[in-house]
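Structure, as structure tokens:
Read the figures in this text as sums done on the coordinates, not as results from a lab. Please read all numbers here as calculations on a predicted model, not as lab measurements. Cβ: placed from backbone, ideal geometry, glycine included. Neighbour counts: every protein chain shown.
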Amino acid sequence: MRCEICSYEPGPNEYIPAATTRKFAAGDICRIAESVRVPFLLLFQQTRRELATGKVASQSTMHTSAGGTSQSQSTFDSPTASRTSINPRQNKAIDRSLLSIQSRETAAYLRPCVLLAGHRPGRNAHPRVCLCATFGRKAMESLPRAFQCFCVPIFPNTGMEGTSADGHLHAFPEWPGDKAAWLIAYPFVSKRQVDDRWYHRNESGTFSDQKCSRLDSTQRGKLEKIRESLLDDWRVQCETPGFLDACETEFLSNEWRKHEGWNKPADSAAGSEQHGSDQLSSTQT
């Protein structure tokens, strides 16, 4: 069905990859045991580096990993970044929080992610992803400002009121039964392994049909434009004294994670079956 907002019209109503392949395609929605905190902590690290040096990472070559932003990226001068005051004490708080998450044997329950390039799982293969989440179905405006700056609704979403044609994304086929899914439009290379694709449950409540969803090439192109726009807006806001410090302080607080459902484990199936339901997220961080 054609989207009334952006006129997107998906193709065939099923996406069933070959069950025998372990190579995932760009745009596949897969399962990964990663925390939604990681992309934001990496964002804070990168932003602090840019503000401290006055050098802004080139969007065309920016490559963010779970260990930090690559040092080989190209940069350009920012006339205001080096003059923006930031609190140096929070550097250690950000670093400690990221290290704490990455040093755990498992970071969280399995959650969906969108692969941004083809990927074959292996010991040294780390995927470049954007994470997806429902945030306990809380209204986006009730979450920290950093979330509001980078979370993009995946259609259908009850938080899409007033969104523009360029302000949302479509999974193909449409994810069944979920109207609270968001994509965090800050890509990074995760240290975690992709577990498998994120499959839909069938009528019997199992995943035996091997049906799943993905972002097609038009939506991946749209995501890249959204990412660039949101990052530009973020950089402009961070030139305001105190903005970055306030965002980090709010994010590092545990208050926003104490709402109902956030810390409850997702429904899990026995054995190797997928955790969670047809929702685009577990409720873990």
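Below are the figures for this structure:
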| read-out | value |
| --- | --- |
| Calculated on alpha-carbon atoms, Rg and Dmax of the range 112-213 in Å | 14.8, 44 |
| Of K92/K179; K92/K138; K92/K222; K138/K211, those spanning more than 32 Å from alpha-carbon to alpha-carbon | K92/K179; K92/K222 |
| Using θ = phi - 60° and Karplus 6.51 cos²θ - 1.76 cosθ + 1.60, couplings along the range 130-145 (whole Hz; Gly, Pro as x) | 10, 7, 10, 7, 10, 6, x, 6, 6, 4, 4, 5, 8, 9, x, 4 |
| D232 versus A52: modelled label distance in nm, points set 7 Å from Cα along the beta carbon direction | 2.8 nm |
| Inter-probe distance in nm under a simple model that places probes 7 Å from Cα toward Cβ, at S7 and S253 | 4.4 nm |
